[in-house]
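Here's the structure we're looking at; comments come further down.
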Amino acid sequence: MWPERLGRFLYDLHMVPPEFVGMRAVTPEQVRAAQRAEFARLEAKVFPLLGEGERAHFAARFAGYLDDDRNWKFAPCVTHGDL
């Protein structure tokens with residue numbers, strides 16, 4: 001029974017507009033820019049530790065994620081990571 005209650009709580013939480021609880025909403029564009037900056041940090045610090053093939057593989061995966069406009073079509077909401 002508790003998994004269903006937890007699931008319902010998280011669903012309800014995600015339906016709350018951030019402004020309703022005093023938070024500032026972050027736009028999809030801001031999230032994308034933050035993800036691009038995080039990738040740049042990873043590329044600078046982690047990629048030198050990888051082999052050439054691994055670097056190419058992970059760079060392609062990150063590019064596929066960051067460059068796919070479908071990943072950035074969402075409405076801001078409160079998530080458990082925001083609390």
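The values are calculated or read from the model by the stated rules, or taken from the named source; none is laboratory data. All of these numbers come straight from a predicted model, not from anything done at the bench. Heads up, the Cβs are rebuilt from the backbone with ideal geometry, glycines too, and the neighbour counts pull from every protein chain shown. For the accessible areas, the whole protein counts, side chains as well, though only heavy atoms, and no ligand, DNA or RNA atoms are used. Shrake-Rupley method; radii C 1.70, N 1.55, O 1.52, S 1.80 Å.
General remarks:
- Cut-off 14 Å, label 7 Å out along Cα→Cβ of residue 66, residues of region 27-41 by amide N: 30-41
- Extension gain, residue 50 back to residue 23 (0.36 nm per residue minus Cα-Cα distance, nm): 5.8 nm
- Gain upon complete extension [residue 59, residue 11; 0.36 nm per residue less C-alpha separation]: 14.0 nm
- What the phi angles of region 12-26 give under the Karplus curve with 6.51, -1.76 and 1.60, with θ = phi - 60°, is a coupling list of 4, 4, 5, 8, 7, x, x, 4, 5, 10, x, 9, 8, 5, 10 Hz, glycine and proline written as x.
- Per residue, the accessible area of the chain comes to 80 Å², computed with a 1.4 Å probe over protein heavy atoms only.
- Here the dipole of the chain is about 80 debye; that uses its Cα centre as origin and unit charges on the Cβ of Lys and Arg (positive) and Asp and Glu (negative).
- Portion, in percent, of the accessible area of the chain that falls on carbon or sulfur, probe 1.4 Å: 61 percent
- If you take the alpha carbon atoms of the chain and fit the smallest convex hull around them, that volume is 142 Å³ per residue.
- Relative contact order %, the chain, counting alpha carbon pairs below 8 Å whose residues are six or more apart: 56 percent
- Taking trypsin sites (Lys or Arg not before Pro) as exposed when their DSSP state is a loop state and no more than 12 other Cβ atoms lie within 10 Å, the longest site-free interval of the chain runs over 25-72.
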